[in-house]
Every structure is written in C-alpha cells, then in structure tokens.
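The values are calculated or read from the model by the stated rules, or taken from the named source; none is laboratory data. Note that the structure is predicted; figures quoted are calculated from it, not measured. Don't worry about glycine lacking a Cβ; one is built from the backbone with ideal geometry, like all the others, and counts go over all protein chains shown.
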Amino acid sequence: MTDHVDDATPKKDIFTTGASHMALLHNCIIRGFNSIWLQAPHIKEADKADFIGYSLTWFKFVKSHHDDEEDNLFNKVADILGDEGVWSQTHEEHESFLGGLGEFNTYLTSLKSPSDFSGEELRRIMASFHEPFENHFHSEISTIADMAGHPKAPQAGSPKRRRRLQCSRHRSAEAPLWENWPPMPNPIKWGMVNIAGSWYSSWWKFSSCDANQRPKELYALKDVEVKS
C-alpha cells in the first residue's frame, strides 16, 4: 500500500484541514498494514506472540477508527451540512473491507497457541481485503476535501467546531508542514512514547517508526532479502 500524499494548499477551511489530518491518520494505518504484511512470513518462533499482539493492536486501532467515524464524525458532519447522503459512498467503502478485517481478527484471536501462527495464512486474509481497504483510505480524503465546496459548508474562520484527528506518525512526511503533528504539549507526547509506550514494549519493535517518529528498518526483515 502507498501513503496518501496530501497536496500542499493554503486553504484553511475546516474540511481541507480535516482532510489533511485524516490523511496523516490514514497513513499511520497504511504503514501498519504494510509492516504486518512485509514481516508476517519472516516471524521467528520466539517472536510469534509479540507479533500477534502487535497485529491485534493494529486491528483494534483500525476498528476503533471505523466505529468512531460511523458513530460520531459522520453524523456531526451530516448535521453541519444538512445532507444525510454526504457519506453514502464512504459507508459502502467501509462495508467492502469489514468482512476481511473481521477475519483478520478472528484468525489471530482463535489461535490455540502462538506457535500455530502462520504468516502465509495471515497474508492470505490480508490479501482478501487489501484492494477495497486501500481504495477507501485514499478515497475518503478526497470525499472530505470536496465537502469544502458544499453549499452549506462553513467558511474559513467559522466558529463551528471541527473534530481533531490525532495519531502518531513519522516526522519526515511532508516536513515541515506536519512535522509536529499531532498537536500536544511535548511533556505529554514524551510520556506517551516513553512511559505508556513501555507497556508491551516488545510488540512495538515491529513498527515502521522509532520512538522519535523516524522511519526505521523493519525488525523481522533485518536479515531477510525482501521480494514482495
């Protein structure tokens, strides 16, 4: 999967800004998918339990993101625009990959033992929803950005509240525009990474970025020649 590239724009309306924030969050999800896909066939026996934990954390993040959109974001935006059909395509996109995403979770949670984990089987499941999944995580950005042209869209500077989207991501993407995203005090960010991040720290070795949000070599591929 490829990252979504957010074209630099001087627009400051809530939907253009929201689309940019959503692109950053979606890129976190895409990089998570890629890190699982690339490493799954190369997981050693001693690392299987940790990789399962890492993969399930990714699933929970994606599912939580989906549920939050369906339960909160979509309704609030529809109310602002007075248009119940504004998310119709997005709803269809969600449905197109939920079955495969659910199978991903079912497979990992039903393993009797970490030793039963098969990277090939996990990739088979991921391949079953890869195309609609990637399509959605790019398409939704355009859907949100296009709302700026809706007849009832609030103009830049409007007091109407917008939903802020936060997720850690690597600093080098579109730097310096989003280098310090998500916005939060540095002490809190440090605590999230270095204190909260110490929980299940053995899982995070499979991530695509280090604690400083810089891209790093994937753990399971250090001694492997990647072919796909």
Modelled with pLDDT of 85 or more and over 17 Å from the mean Cα position of the chain (by Cα), is that true of LYS60?
-> no
Of (1) of a type outside the set (Lys, Arg); (2) at pLDDT below 95; (3) touching an Asp or Glu at 6+ places or on another chain (Cβ under 6 Å), ILE125 fails just (2)
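To keep it simple, each residue is scored yes or no on (1) of a type in the set (S, T, N, Q); (2) surrounded by 15 or more Cβ atoms within 10 Å (Cβ to Cβ); (3) more than 25 Å from LEU38 (Cβ to Cβ); (4) at pLDDT below 80.
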{"position": "PRO185", "(1), (2), (3), (4)": "no, no, yes, yes"}
{"position": "LYS189", "(1), (2), (3), (4)": "no, yes, yes, yes"}
{"position": "VAL193", "(1), (2), (3), (4)": "no, yes, no, yes"}
{"position": "TRP203", "(1), (2), (3), (4)": "no, yes, no, no"}
{"position": "PHE206", "(1), (2), (3), (4)": "no, yes, no, no"}
{"position": "GLN213", "(1), (2), (3), (4)": "yes, yes, no, yes"}
{"position": "GLU217", "(1), (2), (3), (4)": "no, no, no, no"}
{"position": "LYS222", "(1), (2), (3), (4)": "no, no, no, no"}
{"position": "GLU225", "(1), (2), (3), (4)": "no, no, no, yes"}
The one condition in (1) surrounded by fewer than 17 Cβ atoms within 10 Å (Cβ to Cβ); (2) free of Cβ contacts under 8 Å to residues at least 60 places away in the same chain; (3) not polar (S, T, N, Q) that HIS136 fails to fulfil | (1)
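Yes or no, residue by residue, for (1) touching a Gly at 6+ places or on another chain (Cβ under 8 Å); (2) modelled with pLDDT of 90 or more; (3) not charged (D, E, K, R):
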position	(1), (2), (3)
SER55	no, yes, yes
GLU69	no, no, no
LEU81	no, no, yes
PHE137	no, no, yes
ASP146	no, no, no
So ARG31 clears everything in (1) crowded, with 18+ Cβ neighbours inside 10 Å; (2) modelled with pLDDT of 95 or more; (3) basic (Lys, Arg) except one condition, right? Which one?
-> (2)
Out of all the residues in segment 122-146, which are within 18 Å of TRP58 (Cβ to Cβ) and either of a type in the set (A, V, I, L, M, F, W, C) or out of contact with any helix residue (DSSP H, G or I) (no Cβ under 7 Å at 6 or more places or on another chain) (or both)?
-> LEU122, ARG124, ILE125, MET126, ALA127, PHE129, HIS130, PHE133, GLU134, PHE137
Any idea which residue in segment 61-75 is nearest to THR90 (Cα to Cα), counting only those that are polar (S, T, N, Q) and without any contact (Cβ under 8 Å) to a residue 60 or more places away in the chain?
-> ASN75
Please name all residue pairs, on different chains or six or more residues apart, with Cβ atoms under 9 Å, provided the first residue is in segment 24-45 and is over 17 Å from GLU217 (Cβ atoms) and the second residue is small (Gly, Ala, Ser) and not in a helix (DSSP H, G or I).
-> LEU24/ALA173; ASN27/ALA173; CYS28/SER168
Hits in segment 92-112 (condition: over 20 Å from the mean Cα position of the chain (by Cα) and farther than 18 Å from THR57 by Cα) | LYS112
Look at ASP47 and say whether it is modelled with pLDDT of 85 or more, surrounded by 14 or more Cβ atoms within 10 Å (Cβ to Cβ), out of contact with any strand residue (DSSP E or B) (no Cβ under 7 Å at 6 or more places or on another chain) and not in a helix (DSSP H, G or I).
-> no
